[in-house]
Amino acid sequence: PVCWKSCNDYNRCPVYRLRDYEVVTDVLQRLPGVKLEHIPLSTRNSLRSCSHQLRNADQWLPFHPRHAPDSVVDKLLLGLPWKLKQYLLPFQWDGIRYGLRRGGRVLIADEMGLGKTLQAIAIAACYLNDGSLLVVCPASLRLVWAEELERWLPFLSPSDVHLVFGREDDLKDLKTPKVVVISYNMLRRLRESILRCSWEMVIVDESHNIRCSKRPTDSEETTALMEVARAAPRAVFLSGTPSLSRPFDIFNQVNALWPGILGKNKYNFARNYCSSSSDAAYKFHHYFQDYQRGVRLEELNILLREIVMIRRLKDQILTQLPPKRRQIIRLRLSSGDMLEAKASIDADGGSYERQLNTQEIGIAKLKGVTDWLSNNPFSAVKEEMQKLIIFCHHHKVMNSLQEFIVRKEIEFIRIDGHTDAKDRQKATEIFRQKDEVKVAIVGVTAGGVGLDLSAARNVVFVELPKTASELVQQAEDRAHRRGQKSAVNIYIFCAKETSDECHWQSLSKSLERVTTMTNGSEDAIPGLEVETLMDQTESGDTKACSLLRRCQNSLLPDEVPEGRRVVSETAQQNASNESWNFDAHLLMFEVHNRYHVVIEMSPAFFQVSSNTGRVHLYKKSLEEPPVVTALSENFKPEDLEKLEQIPSTERNLLLPTCLLENTSLVDASMAFIREWKTLRPVHRKRLYGRPLQLPLSRALSRLTEAQGGLVKGGSKRRRRPIGELACPLPDGASWRDIYLRGNMSSRPILQAWTADDNPLCKLCHRPCTRQDSREPTTLEDLFCKSDCFEEYMTKTSSHFMREKLFRLERGVCVTCNLDCHALVECIRNLDVNLRRAYILKKAPAFGTHETLLQNLVEDPIEGNAWHADHIVPVFAGGGECDLENMRTLCVVCHAQVTSEQCRKRHASFRKAQRALQFTVERLLDSKRLKSEVWLPPKGRSSIKGSTLQFTGGDTFRNR
């Protein structure tokens, strides 16, 4: 043997060279009573291919055609933006080099909060000149990725980053953008169009979602993602928990990056590295194998670490990060709580004999949880109360906690599976920035990824998550992450004598299995470390009944001393040698060879990103005709507004250098932001993607005039009939009944087709050249372009118009600024008895409109909170309009506006009625005078088309 290694406290085992494997195994097979388990051939071949690298760990030696030598890696790193170089920490530089050396195919499995996103963006920046980038992430993280891409890659313009929210954002009719961000679900739905594009690199965030099924075929999402990742030359997978509960789940991720490294297929991998047992599948009436446990995980960890995966832990890297203090609070459930929990789930009131399910356990624990909250975090004065995150799993449990917090009159946010991406981002910003918001109610599954809630110091788990990874490496690290300066206290409520106790033990065992595979045996987590175990008494107090594990650092200070933070020496060495000096009419910049170039230019130009709201800076050249070009600098408006509050050491990372060096540009930017905020969202939408110059009203007026003004045709009809909407039918064309492919329940739709069997646009009757025009799958496929589809739906569907208005204004009243959408989302989860008081607290104006208030209390829907109102009324010519003439009004403001319009309309009607009456009277008087002067013969009238009334009562009409 080469050496001896300690296996445990009593035994040692010999270590041999891999090249001697056959000799050693031949000898072992001859020994009596020895059962030999061979190292899989695929593993031996993979490790032999990198054996030179293993022997020379200090020097990188490429061992695959895809790999790149250090000379190529260094050249790629030179192209990174200087601000990104300045921010990267040493361990992040190591992760970037690891990925670049392996040709951009890597699994970055760092723990939560260590900046995996930043490392992936840096790797992508090195290859962006070679082709387009596809980012696949959970739906809730699309806006987060757009924000990070624009921030760290300032050379990307807003139009370079394309976000896919629905079929209207499909790429089949577009030139492939530089960067596309899409969710797992939308990738499945738009699979064909995504596969048609040529991707240079694919980033898969939260790649543990690519679960490995025991069935021969995986889910459609997994299959689509695997196809895209294999087709791309480079792929970076990101996950702090590559396997949530079982080693079997990591196969698809590794096989997509390096096919065959873990075996021919997933069943071959399972035979080698999973301990299988038969498990009857009742639904299909045949046996599947259960791959919950793993074997030889240390060997698997070495294989992954050397070939495709890099993983660092927080306690190894961020040594200054404050500790996590995990405490279990055991609750004894009373019989009344259990019966009440069963009754809340079962329509028949439940039966006491059966065991509580997980949702009923969560409901039964609420009494003890609320008592503990009242006696501990909520007992302080509101101004002094520390921020708190409450994790739950079931909506009924979250609803009950929300009612409790509302009664306490504590400001809170809530994020669950129904919260869309923009609301998540807004709620996160509110929790971090507003001191009065003290509580965040978060679903473990919905909020376990993509949230930075480091403003909180306390975390409470009301319900135990399904997997240990969701608890330790997902939910807890929403608060315990880079940027946290205080110790994080984690309280876990566990119900005694229920399935909670068994589930807790299962979580500990699962965590040990998974971390042995990802971290290695030395860094594996032996179980869920708990500092104290406490029992909840009937009075609501907690008493420590036993000390499971006392840490030596259990009394560490809450605050981290200033200066104890990881500083990147590499970042300091890579400080930028490029600086900008901006004047109102002159732009001076210093380039790498240290000579100055002075460019005369007009005042600053700005462009606002529709994805993130970041402001991009532009300059105007002196050429004829002048060209507006990007400065490759952008900033967040909120950062500029609080410039004085930002520490001087952090300003360079948040704001462009040209802003910090010139007060004139700061003043111009502030003026732009102030004017931009005064614009309506519909006006902002029209200005997105355009370099703008102050004043904005000038550019807006030009666009308004070009589009025909606010009212355009001046129609007094709300909607135009479908028959009048389309253009005249071309010669030779005829109408046909079309059925949408894949939708058997759809009704026939009329579409025009030419005589030579080609489809025509349903609106403009131009030829449809889309790929799915002949066999449409959606209504949009019946139109030649998206503009025609939107115009058609806007003119014919009030629901479509309301949805578009909501996407722009998010249900915020333009008159009183009441966030009607947030109000509805909150009161929907409250008891009916609490809704009235909460509405009157947030919107006192409802108190003067009892009917509107009662409607919202009884039926909390968006339609009872806000309406889409015409700015120019329909009766005044505002009908058949687009969003330009629409606005969001809460129902109270809408009632007031409608009342005022009715009053004015009634006054105008009365005025017109009086004028008409006066005109008729004058006409009759004049005709009466004429009849006295000359009377025509009886039965005739010399006045054509008129009616004369004589004193005798005879009426004559000449027809």
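What follows draws every value from the coordinates through simple rules; no lab data is involved. Since this is a predicted model, take the numbers as computed values, not measurements. Here the Cβ is made from the backbone with ideal geometry for all residues, glycine too, and neighbour counts use every protein chain on show.
With R₀ fixed at 51 Å, the C-beta to C-beta distance from Ile861 to Gln86 puts the FRET efficiency at about 0.55.
For segment 351-439, the list of trypsin sites (Lys or Arg not before Pro) that fall in a loop by DSSP and count at most 16 other C-beta atoms within 10 angstrom reads Arg354, Lys408, Lys434. If you plug the beta carbon distance of Val627 and Ser786 into 1/(1 + (r/R0)^6) with R0 = 22 Å, you get a FRET efficiency near 0.20. Spin-label model, Ala231/Cys13: points 7 Å from Cα along the beta carbon direction are separated by 4.4 nm.
Take the Cα of Leu78, step 7 Å toward its Cβ, do the same at Cys502, and the gap between the two points is 6.4 nm. Relative to the current alpha-carbon distance between Arg698 and Thr445, full extension at 0.36 nm per residue lengthens the span by 86.3 nm.
The GluC sites (Glu not before Pro) of segment 358-427 that DSSP puts in a loop, and whose beta carbon has at most 11 other beta carbons within 10 Å, are Glu409.
Of the three principal axes defined by the Cα atoms of segment 722-895, the extents in descending order read 66, 39, 22 Å. Residue separation of Phe800 and His906 scaled by 0.36 nm, minus their Cα-Cα distance, works out to 35.0 nm of gained length. For Trp60 and Lys214, the difference between the fully extended length at 0.36 nm per residue and the C-alpha to C-alpha distance is 51.7 nm. Legend: calculated FRET efficiency, Leu916 to Thr223, from the Cβ-Cβ distance at R0 = 56 Å, rounded to 0.05, equals 0.15.
Neighbouring Cβ atoms within 10 Å as the yardstick, rank Glu463, Glu675 fewest first.
Numbers: Glu463 26, Glu675 14.
Least crowded to most crowded, the residues run Glu675, Glu463.
Between the residues Ile839, His765, Phe875, the greatest Cα displacement towards the positive end of the dipole of segment 722-895, with unit charges on the Cβ of Lys, Arg, Asp and Glu, is found for Ile839.
So what's the net charge close to Pro259: Lys and Arg +1, Asp and Glu -1, counting the other residues with Cβ under 11 Å from its Cβ? Spell out each step's value before the answer.
On the way: positive: Arg105, Arg230, Lys264; negative: none.
Local charge sum for Pro259: +3.
Between Leu779 and Asn265, the distance separating the two model label sites (each 7 Å from Cα on the Cα→Cβ line) works out to 4.4 nm. Each of Trp60, Trp199, Trp735 was scored by other Cβ atoms within 10 Å of its Cβ. Arranged with the fewest first, they read Trp735, Trp60, Trp199. Look at Asp731, Asp26 and count the other Cβ atoms within 10 Å of each Cβ; fewest to most, that gives Asp731, Asp26. Under 5 Å between amide hydrogens, built in the peptide plane, is the criterion, and for Arg293 it picks out Ser275 among residues at least 5 positions away or on other chains.
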